[in-house]
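These notes concern the structure reproduced below.
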Amino acid sequence: MIRDALFYVFAVGAVLAGWRVFRADSMVRAAYWLLAAFVGVGLILVLLGAEYLGLITILMMAGEMTIMAIFMVMFMMNPAGLNPMTMVHQHRAAVVAGVGSFLGLATVGVLADFPRRAADATHTTAELGTELLGDSMLVFETAGVALLATMIGAVAIASRRGRFGDAQDGSAPPGIEEPGEERGPGEGAGEAPEHEEMEHMHHGGGAS
Amino acid sequence: MSFDAVMIVAAALFGIGVYGALSQQTFVMIMMGLEVMIAGALLAAVAMWSMAAGGTPKGQLLGIVALTVMAVEAALGFALIVGIYRIRKADMTEKLRRLKG
């Protein structure tokens, strides 16, 4: 009984917080509303018997939302939310798509004929650990290598120094044609010979 | 706590995420929409594992994969935001007219 009550509290909290994310005036507040939504989801996961997944969701999202709040302050106007604002486009189509996907997925989730076999939720974390370092180690290692590749890729994308010199050189604001376009549209960036690389600073970058 | 209720909550989160990812203009808010969508998918997967599939240990691996996708999306999203801001001084989708760097 108390599990049911807790579930409804967490569920309503998660959905309301998720909705508030896109209604908050302040983007920092939006980040923390998103964290609240994730805490709700993580606690529902704990109630469902997946303690490890639930807690790791909360842990990961706490760190990520802190970074997101910092990004908001760094990049966005009006981070404190002193003025009410809405920054949306194609609002009606987005509402239709959101409500439509909710109705479609909820219909499938409720009406589809899933098997109903409840889990024996006593040793799930120990079983997960044995599985991760046993039969399913390939999945685990693939996730680890994917994360490593992501880290390297993120550093390569975000680094100030690109492959062909300083990544900022030669880049122009949108709409302004650069005076010294050296290459035709047909030539790929990867065809530049090695010794010319300092002269083609802005082409290709990390993409080639 | 019934299976149907969990699925409805997951669908609601996914719908909110779709709305956010389509309607928001700033890149970080679009990423938030994507994260809410993945949260809904994660919740649905764990509900399936717990209530429909009988709690086999392999089922939770789908949750691990969903969390990995979430981390990859966040890291690459932040890197792309930094890169595009450095080159174009753009923080909103409306400021980008072409993708060529």
TODO: Identify the residue in the range A:152-166 that is part of a helix (DSSP H, G or I) and loosely packed, with under 13 Cβ neighbours inside 10 Å and, among all such residues, is modelled with the highest pLDDT.
DONE: A:Ile152
Task: Any hit, the range B:74-83, residues being part of a helix (DSSP H, G or I) and either out of contact with any helix residue (DSSP H, G or I) (no Cβ under 8 Å at 6 or more places or on another chain) or over 21 Å from A:Glu64 (Cβ atoms) (or both) - done: no
- [ ] Return the only residue of B:Gly33, B:Gly40 being under 21 Å from A:Ile70 (Cβ atoms), surrounded by 21 or more Cβ atoms within 10 Å (Cβ to Cβ), more than 7 Å from chain A (Cβ to nearest Cβ) and in contact with a Phe, Trp or Tyr (Cβ under 8 Å, 6 or more places away or on another chain).
- [x] B:Gly33
TODO: Return a yes/no flag: does the range B:77-91 have any residue that is without any contact (Cβ under 8 Å) to a residue 60 or more places away in the chain and under 21 Å from A:Leu55 (Cβ atoms).
DONE: no
Open item on the list: I need the full set of residues from the range A:98-151 which are of a type in the set (Val, Ile, Thr), touching a residue at least 12 places away in the same chain (Cβ under 8 Å) and assigned to a loop (DSSP other than H, G, I, E, B), in order please.
Closed with: none
Open item on the list: Which of the numbered conditions does B:Ala52 fail, given that it passes all the others? Conditions: (1) more than 7 Å from chain A (Cβ to nearest Cβ); (2) in contact (Cβ under 8 Å) with a residue 40 or more places away in the chain; (3) not aromatic (Phe, Trp, Tyr).
Closed with: (1)
TODO: Quick one: which residue in B:Val65, B:Val46, B:Val18 is under 20 Å from the mean Cα position of the chain (by Cα), more than 22 Å from A:Leu16 (Cα to Cα) and modelled with pLDDT of 90 or more?
DONE: B:Val65
Open item on the list: Against the conditions (1) assigned to a helix (DSSP H, G or I); (2) farther than 26 Å from B:Ala44 by Cα, where does A:Asp25 fall short? Just the number, please.
Closed with: (1)
Task: In the range A:97-154, residue farthest from B:Ala47 (Cα to Cα) [restricted to those that are more than 7 Å from chain B (Cβ to nearest Cβ), among the acidic types (Asp, Glu) and over 26 Å from the mean Cα position of the chain (by Cα)] - done: A:Asp135
TODO: Considering (1) within 7 Å of chain A (Cβ to nearest Cβ); (2) under 25 Å from A:Ala106 (Cα atoms); (3) small (Gly, Ala, Ser), say which one B:Ala74 fails and leave the rest.
DONE: (2)
Task: Only one of A:Gly42, A:Gly49, A:Gly18 that is surrounded by 17 or more Cβ atoms within 10 Å (Cβ to Cβ), outside any helix (DSSP H, G or I) and facing chain B (nearest Cβ under 10 Å) - done: A:Gly49
TODO: Could you please tell me which pairs satisfy a Cβ distance under 7 Å, a separation of 6+ or placement on different chains, a first residue in the range A:55-72 that is touching a residue at least 60 places away in the same chain (Cβ under 8 Å) and more than 10 Å from every other protein chain (Cβ to nearest Cβ), and a second residue that is of a type in the set (S, T, N, Q) and surrounded by 13 or more Cβ atoms within 10 Å (Cβ to Cβ)?
DONE: none
- [ ] Scan the range A:52-62 for residues that are closer than 21 Å to A:Trp19 by Cβ and either of a type in the set (Asp, Glu) or surrounded by 21 or more Cβ atoms within 10 Å (Cβ to Cβ) (or both) and report the count.
- [x] 2
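The values are calculated or read from the model by the stated rules, or taken from the named source; none is laboratory data. Source: prediction; values computed, not measured. For neighbour counting, all protein chains shown are included, and Cβ atoms are generated from backbone atoms with ideal geometry for every residue, glycine included.
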